[in-house]
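The values are calculated or read from the model by the stated rules, or taken from the named source; none is laboratory data. The shown structure was predicted, so the numbers you read here are calculated from the model rather than taken from an experiment. So basically every Cβ, Gly included, is an ideal-geometry build from the backbone, and we count neighbours across all protein chains shown.
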Amino acid sequence: MKMLLFIILLLSSFCKFAFSEEQQIIAMGDIEYGQYLAAECSSCHHKSGASEGIPSIHGMDAEVFVALMLAYRAKDMENEVMQMIAGRLDDEQIGSLALYFSQLEPPK
Amino acid sequence: MSKISRRAFTGLAAASVSTLAFPSISLGAVPKVVVIGGGAGGATAARYIAKDSGGAVHVTLVEASKRYYTCFFSNIYLGGFRNYGSIGHNYYGLAVNQGVNVVHEWALSVDAVARKVKLGSGEHLSYDKLVISPGIDLKYDSINGYSSAVQDKMPHAWKSGTQVQLLRNQVMNMKQGGTFVMVPPPNPYRCPPGPYERVSMIAHQFKQSNPSAKIVILDPKPKFSKQGLFEAGWQKHYPGMIEWISSEDHGGLKNVNASTMEFETDLDTFKADAACVVPAQRAGSIAMAAGVNNGDWCPIVPASMQSQADENIYVLGDASVAKSMPKSGFSANSQAKVAANHIRGALTGSRVFDARYSNTCWSLIAPDDDVKVGASYVAGAEAIDVESKFISQADDSSETRAANYQESIDWYNGMTADMFS
C-alpha cells in the first residue's frame, strides 16, 4: 500500500499530463475484453487481498491501475513477474483491465 | 435464492439466443460441457465456463477424489513448512458458487462419435464439448526393477496424496547419517524444478533432524531446470550434503532393487536408506482411451487447446503437448482460461479473444531463499511460443529471495481460489 501511494504521488507530482494519459488509456478500454484478460491476473491475485506480497486488485481505481501498469511496463517498478505481464500489454489492454477491475467489489 | 433464479433465467435466455446462431445445438437445450479431471486445468476450466456463461452452459466436472491435494506445494510440506491438510481442497465452491455439477467418479472411456463419456458407474454423460485434463500417469517400467508393487518402498510421490505423506515419514525415520537417493524423471515430466526443490526441502529437514545424512541424485539427464540457482543454494545452505550425479557421469540407471535398496549404475552401485524414485511419465490414461494422444502425449491447437484429433475435445495441462510451456499447475490453469473462452464462444456465441498464456514456477531452496522462473507465451501456427521470460538472478539480495517466498504463498492462495472458489 505504501508503494502504491508512493507511485501515485510520484506520477502526479512530475507528470502534468499523467492523468490525461491515463484517462485516454481508460477510454480505449473494453470491459468484456478486460474480463478475459483479467483471468491471467487471477492466477496470483486473490480477491480478498489478505496476503502480504501480492495485493488485491479488485475494486482498484482505474487511473491508479493504469499508472501502476505503465510503471511496470516501463520497468520503473521492480518485480519480474509484473514487468513480464505488463510488458506485453498494450494501452487498450491496460485500459480494459483497469475498467474491469475498477467495477469489482473491493475487499472488505 | 436470487442468485439461483437469475442464473436460471439468464441461462434460458442465452440458450435460446444461441440456438438461433448455432443450429447444431438442439432447440432449447442448454449446451453441455463435460470436464474430466479436477486439477489445475480441469477445475479452472469448469469454473470459468460456468462462471462466465452465467448458466448458459451446463458444466459437469468428473473427478474421482472428493478431496484434492495439490502437487504444487507438496514439497513445502515435505520440508516441514506446512501440514498436509493445508494443501487439500474440496469441490463445494465449484458446486455451490458456480453451479458446476460435480461427479465423483472415474471416467472410463470416451465415445467421440456419439460424444459420450462412460463413467465407472456405467452411466454415460453426453457432451457438446469435452475437456480432458487428466494429469500424468507413471511409466513404472521405464526403470528396471521399479514397479507399482514397490512404490511404497521407494515412493515416487509424483502424484499428490498418500505417497507424499509416505515419503515424508521415510525422510523423518531414516537412520542417522544414512543416504537418501533421489532419482528424478527424464524429460518431459510434470514440474521441471520439482525434483530439485524436493531435494532442497529434504535437505532442509535433514539439516535439523539428521545433519550427517547424505543425498545422492542419480539424474537421467545431463542438466536440469534452474540448475545454477539450485546448485549455488545447495552449496550455501547444505554444504557437503547433496551430490548431483549427471547421466553423463553415472552412465544411466541400470537397475533398482527395492529389497536391498540398491541402485546400479555404470559408475557404482549406490545403497540407499530411503529413496524417492520418479519414473518417466505420459498423459493420464483417459486421454489414450479417448484417442487424442500421439504416443505419450496429446497434440493440441495452440490458439485454443483443442485436440488436433477432435475439435470437440480440449486437452489441458500436463497431458498436452504445449511445447515451450512447462508441465505445471500454473500452465494448466492458464491453458484452461484460453479453452474456456473458446468453448463459450463455440457454444453461446460469446466473444473469443486471442490466446495468451503465462507461467511462473517458484522453488524454495531454504527458508526465505526462493527462486522463480517464468514466461509469457503466444499461440504460434505450430506451437505455443515463448514471448518473454525471466529467471531469478544468482546475485539477488536476500530480501528479494524472501519476498519471492512470500509471493509464492500468496500465489498458492490465489491459484487455489482461482481453481476451487
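Side notes on the structure shown:
- When the range B:156-166 is limited to residues that are within 18 Å of B:Gly135 (Cβ to Cβ) and not polar (S, T, N, Q), the one that is surrounded by the most Cβ atoms within 10 Å (Cβ to Cβ) turns out to be B:Trp158.
- Residue within the range B:381-390 that is closer than 24 Å to B:Phe73 by Cα and out of contact with any Leu (no Cβ under 6 Å at 6 or more places or on another chain) present: yes
- Scan of the range B:68-85 for residues that are over 17 Å from the mean Cα position of the chain (by Cα), part of a helix (DSSP H, G or I) and under 15 Å from B:Asn169 (Cβ atoms), ordered by number: B:Leu78, B:Tyr84
- For B:Lys159, the conditions (1) modelled with pLDDT of 95 or more; (2) closer than 30 Å to B:Glu262 by Cα all hold with the exception of (1).
- Checked against (1) touching a helix residue (DSSP H, G or I) at 6+ places or on another chain (Cβ under 7 Å); (2) at positive phi, B:Gly233 passes all but a single condition, namely (2).
- In the range B:243-300, residue nearest to B:Leu218 (Cα to Cα) [restricted to those that are without any contact (Cβ under 8 Å) to a residue 12 or more places away in the chain and among the β-branched types (Val, Ile, Thr)]: B:Thr269
- Top-ranked residue in the range A:19-41 [being assigned to a helix (DSSP H, G or I) and small (Gly, Ala, Ser); ranked as farthest from B:Ser331 (Cα to Cα)]: A:Ser20
- Residue within the range B:396-407 that is within 19 Å of B:Gly41 (Cα to Cα) and not assigned by TED's automatic domain parsing to the domain that holds B:Glu197 present: no
- Scanning the range B:152-162 for residues that are within 20 Å of the chain's Cα centre (by Cα) and not basic (Lys, Arg) returns B:Pro155, B:His156, B:Ala157, B:Trp158, B:Ser160, B:Gly161, B:Thr162.
- The residues listed here are B:Asp385, B:Asp418, B:Asp395, B:Asp370; of these, the one that is touching a helix residue (DSSP H, G or I) at 6+ places or on another chain (Cβ under 9 Å), more than 8 Å from chain A (Cβ to nearest Cβ), at negative phi and among the acidic types (Asp, Glu) is B:Asp370.
- Residue in the range A:42-61 that is part of a helix (DSSP H, G or I) and at pLDDT 95 or above present: no
- First in the range A:27-56 and closer than 22 Å to B:Ala403 by Cβ and free of Cβ contacts under 8 Å to residues at least 12 places away in the same chain, second anywhere and hydrophobic (A, V, I, L, M, F, W, C) and buried (at least 17 other Cβ atoms within 10 Å of the Cβ), Cβ under 7 Å, 6 or more apart: A:Ser43/B:Phe330; A:Ser43/B:Met415; A:His46/B:Ala417; A:Gly53/B:Ala403; A:Ile54/A:Cys44; A:Ile54/B:Trp411
- Residues of the range B:216-238 classified as more than 24 Å from the chain's Cα centre (by Cα), more than 12 Å from B:Ala366 (Cβ to Cβ) and surrounded by 21 or more Cβ atoms within 10 Å (Cβ to Cβ), total: 1
- Wholly enclosed strands (runs of 3 or more DSSP E) of the range B:319-401 bearing at least 1 residues buried (at least 16 other Cβ atoms within 10 Å of the Cβ) and within 17 Å of the chain's Cα centre (by Cα): B:356-366, B:369-379
Every residue, every condition in (1) in contact (Cβ under 8 Å) with a residue 60 or more places away in the chain; (2) of a type in the set (Ser, Thr, Tyr); (3) not assigned by TED's automatic domain parsing to the domain that holds B:Ala319, yes or no:
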site	(1), (2), (3)
B:Asp128	yes, no, no
B:Val131	yes, no, no
B:Ser147	no, yes, yes
B:Ala157	yes, no, yes
B:Gly161	yes, no, yes
B:Gly177	no, no, yes
B:Ser200	yes, yes, yes
B:Phe206	no, no, yes
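- Tallying residues that are away from chain B (no Cβ under 11 Å) and within 24 Å of B:Thr360 (Cβ to Cβ) within the range A:21-63 yields 2.
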